[in-house]
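The values are calculated or read from the model by the stated rules, or taken from the named source; none is laboratory data. What you see is a predicted model; the values in this text were computed from it and never measured. Using ideal geometry, Cβ is built from the backbone for each residue, glycine included, and neighbour counts are taken over all protein chains shown. Please note that ligands, DNA and RNA were not included when accessible areas were found on the heavy atoms of the full protein model with its side chains. Shrake-Rupley method; radii C 1.70, N 1.55, O 1.52, S 1.80 Å.
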Amino acid sequence: MYNKILIANRGEIAVRIIRACRNMRIASVAVYSKEDKDALHVKLADQKICIGEGSAKNSYLNMDRIISAALITKAQAIHPGFGFLSENSEFVRKCQTYSIDFIGPGADIIDKMGNKSHARKTMMEAGIPVVQGTIEPVYNAEEGMKQAKLIGFPVLIKASSGGGGKGMRVAEDKDEFEFSFNTAQRESIHAFADDTMYIEKYIIKPRHVEIQIMADKHGNVVTLGDRDCSVQRNHQKMIEESPSPAINDKIRQKMYNMAALAAKTVGYYSAGTIEFIVTQTGDFYFIEMNTRIQVEHPVTEMVTGIDLIETQIEVAAGERLSFSQEDIKLTGHAIECRINAEIPEKNFRPSPGLITHIHLPGGNGVRVDTAIYEGYLVPSEYDSMIAKIIVHGKDRQSAINRMRTALDELVIMGISTNVNFQYLIFKNPNFCAGETDTGFIESLLNYKE
Ligand code: MV4
């Protein structure tokens, strides 16, 4: 096992990883930007090293500085968290060059799954259901139009390098197609320097259900339940829960089997997530794979009792998974609510600033993952997510009750947050009935007006 790990991230996930290291008696090294000199991850780590100032580009995204920091501190491994360099295969290869373990899958797997058009083809060949659509990449509107007519409108045009909605456009009919394709492709070239597109049948108001998998370097793959992340705004998830209220046990088991098959097909190791969309009739289709630990991993930890970060570290060090599929018992219901420093009334504009007072909820079945504290200045440079409230109950209603109690108790003063907005969701009859789809937040916003 490692003696020392460098954490190439900030915020609540850096704190989460530092805690896992401490539990495993592994020393931790925090890296930080000048703006983050008073951040909690810097205070909690055993060692700290400043890697730049200003935007993430000059700090948390600067590969050479992070590698240097690992070499100087003699860290044997780097945990990337999520975002930043977590799905950057060039970084993984750099780590390899300097004999530093990257706590995540290999560079080749990241490349394979990072190309969504390629991933789609790989999954299709393995017998995993994918949405009806193109098999080979599409490079121009003319070829795209031919394919779209074969698929049948409406279609969804997606960027191969995309994910999370970037470079994605609907074309309702053939008149719209050329414009939609060109817009999506331009966005993709701009954001990812890649003009490779693919086209799928557009599924109206699906649900987003993803399967957590964990795999070791010896070929063992275990599924760790599902998460429903249908409550999103602009492709930013707001609420995640496990199990999904939208699928029955028969579909659920099929999805688990398909997720395990997906992981085995590409020789995956570390934590990973297979994303599916589920139609209103209960059909499900693979859409993409995330090759990192995700923001919403705590809901899976609550229902499985497995520590996903500790397991990631064990697997990276070459250990076998300490549990088998038969050991996994899914218990009760967990829900996570993301707390952001933002102003819902002003189109969710970020609201950085000084936290003058704070009270965090607690009690039975309540977990708070955060890096904020009283007197902390939320910087404007980074993501607006400042906390995650995770609750666990014997069933969905019990979890909802605990979330209401927790949100009621939560006090954050000095900055604006989405706490009240989240509270409204947990009072919403449709949410409480488990009836949420892609259009849920939009319909909530319209209802308020
Ligand atoms: C889709 C879709 C409908 N049809 N694909 C892809 C990226 C992911 N963040 C959402 N994606 C979608 N892919 C096809 N063929 C609808 C979405 C989608 C979505 C899905 C579930 C929950 C919320 C969503 C919000 C916007 C788009």
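Of 438, 223, which has the most accessible area with a 1.4 Å probe, and how do the rest follow in descending order?
Details: 438 80, 223 10 Å².
Ranking 438, 223 by accessible area, largest first, yields 438, 223.
Per residue of segment 395-402, in order, report the coupling 6.51 cos²θ - 1.76 cosθ + 1.60 (Karplus, θ = phi - 60°) as ³J(HN,Hα) in whole Hz, putting x for Gly and Pro.
For segment 395-402, the Karplus curve yields 8, 4, 4, 5, 5, 4, 4, 5 Hz.
Return the single residue from 300, 311, 279 with maximal mean-square fluctuation; model: Gaussian network over the chain, springs between Cα atoms under 10 Å.
The residue with the greatest mean-square fluctuation here is 279.
Starting from the Cα of residue 34, draw a straight line to each of the aspartates and glutamates and keep only those under 12 Å, dropping any in the same chain fewer than 8 residues away.
Excluding near neighbours in sequence, the set is 53, 381.
Charges at C-beta only: +1 for Lys and Arg, -1 for Asp and Glu. How large is the resulting dipole of the chain about its Cα centre, in Debye rounded to 20?
Numbers: 51 positive and 57 negative charges, 142 e Å.
In total the dipole reaches around 680 debye.
Using mean Cβ contacts within 10 Å as the protection proxy, how do 333-340, 38-45 order, highest first?
Working: 333-340: 24.4, 38-45: 19.9.
Highest-to-lowest ranking by the protection proxy: 333-340, 38-45.
Run through segment 119-205 and list the chymotrypsin sites (Phe, Trp or Tyr not before Pro) located in a DSSP loop whose Cβ has at most 12 other Cβ atoms within 10 Å. Working shown, then result.
Details: sites: 139, 177, 179, 181, 192, 198, 202; in loops: 139, 202.
Sparse-neighbourhood loop chymotrypsin sites (Phe, Trp or Tyr not before Pro): 139.
With r defined as the distance between the Cβ atoms of residue 427 and residue 74 and R0 fixed at 41 Å, what FRET efficiency is calculated, to the nearest 0.05? Display every interim value, and only then the final one.
Values: r = 52 Å, r/R0 = 1.27.
The calculated FRET efficiency here is 0.20.
Could you pull out every residue, at least 5 positions away or on a different chain, whose amide H is within less than 5 Å of the one on residue 48? Hs are placed 1.01 Å off N in the peptide plane, and Pro or chain starts have none.
Excluding prolines and chain starts, which carry no amide H, the hits are 30.
Across segment 346-362, in residue order, what do the Karplus-derived ³J(HN,Hα) couplings come to in whole Hz, using 6.51 cos²θ - 1.76 cosθ + 1.60 with θ = phi - 60° and x for Gly and Pro?
10, 6, 6, 4, x, 9, x, x, 7, 8, 8, 7, 8, 9, 9, x, x
Assuming 0.36 nm per residue, please report the length gained on full extension of the stretch residue 420 to residue 175 beyond their Cα-Cα distance. Don't jump to the answer; show the numbers that get you there.
Working: separation 245, 0.36 × 245 = 88.20 nm, distance 4.21 nm.
Going from the current span to full extension adds 84.0 nm.
Mean-square fluctuation check for the chain, GNM, Cα pairs under 10 Å: which of 191, 215, 399 is largest?
Maximum among the listed residues: 191.
Could you tell me the relative contact order of the chain? Use alpha-carbon pairs under 8 Å, at least six residues apart, and round to a whole percent.
Values: 979 pairs, mean separation 61.8, N = 449.
Answer for the chain is 14 percent.
For the chain, what is the calculated [θ] at 222 nm in deg cm²/dmol (nearest 500), taking -39500 (n - 2.57) for each run of four or more DSSP H residues and dividing by its residue count? Show your work: numbers first, answer last.
Details: 15 runs with 156 residues, N = 449.
Calculated at 222 nm, the ellipticity per residue is -10500 deg cm²/dmol.
So for the pair residue 64, residue 146, with labels modelled 7 Å out along Cα→Cβ, what separation do we get in nm?
Distance between the two pseudo-spin positions: 4.5 nm.
Measure up 94/217; 37/166; 4/43; 112/346; 394/427 against 28 Å on the Cα-Cα distance and list the ones that go over. Show your work: numbers first, answer last.
Working: 94/217 20 Å; 37/166 32 Å; 4/43 17 Å; 112/346 39 Å; 394/427 19 Å.
Over 28 Å apart, Cα to Cα: 37/166; 112/346.
Give, in nm to one decimal, the length gained when the segment between residue 281 and residue 108 is fully stretched (0.36 nm per residue of separation minus the Cα-Cα distance). Don't skip to the end; give the middle numbers.
On the way: separation 173, 0.36 × 173 = 62.28 nm, distance 3.59 nm.
Stretched out fully, the residue 281 to residue 108 stretch lengthens by 58.7 nm.
Taking Cα pairs under 8 Å and at least six residues apart, what relative contact order does segment 207-444 come out at, in percent? Don't skip to the answer; put the middle values down first.
Details: 485 pairs, mean separation 48.9, N = 238.
Worked out over segment 207-444, it gives 21 percent.
Quick one: length gained pulling residue 99 to residue 325 fully straight, 0.36 nm per residue minus the C-alpha distance?
Separation in residues times 0.36 nm, less the Cα-Cα distance, equals 78.1 nm.
With a cut-off of 8 Å between alpha carbons and a minimum separation of six or more residues, what is the relative contact order of segment 4-103 in percent?
Values: 182 pairs, mean separation 29.3, N = 100.
Dividing the mean separation by the residue count of segment 4-103 yields 29 percent.
Give the distance, in whole Å, between the Cα centre of segment 235-250 and the Cα centre of segment 378-432.
Here the answer is 16 Å between Cα centres.
How many nm is it between the label spots at residue 398 and residue 360, if each spot is 7 Å from the Cα in line with the beta carbon?
2.4
Using label points projected 7 Å from each Cα along Cα→Cβ, tell me how many nm separate residue 139 and residue 248, to one decimal.
For the pair residue 139/residue 248, the computed spacing is 4.7 nm.
Find the accessible area per residue for the chain; the probe is 1.4 Å, ligands and nucleic acids are left out, and the unit is Å².
Numbers: 18990 Å² over 449 residues.
With the other protein chains kept in place, the chain gives 42 Å² per residue.
Using the Karplus equation 6.51 cos²θ - 1.76 cosθ + 1.60 (θ = phi - 60°), what ³J(HN,Hα) coupling, rounded to whole Hz, does each residue of segment 167-184 give in order, writing x for Gly and Pro?
Computed from phi, the couplings for segment 167-184 are x, 10, 9, 7, 10, 6, 8, 5, 5, 7, 4, 4, 4, 4, 4, 5, 5, 4 Hz.
Can you work out the PRE-style zone for residue 405? Point 7 Å along Cα to Cβ, and I want the residues of segment 335-368 with backbone N under 14 Å.
361-367
Collect residues whose amide H, placed 1.01 Å from N in the peptide plane, falls under 5 Å from the amide H of residue 387; neighbours closer than 5 in sequence don't count.
HN-HN under 5 Å from residue 387: 339.
Of 362, 114, 393, which is the most mobile in a GNM of the chain whose springs link Cα atoms less than 10 angstrom apart?
Of 362, 114, 393, the Gaussian network model singles out 362 as fluctuating most.
Pop out the carbon and sulfur fraction of the accessible area of segment 305-348 as a percent, whole number, probe 1.4 Å.
Values: 830 of 1900 Å².
Carbon with sulfur: 44 percent of the solvent-accessible area.
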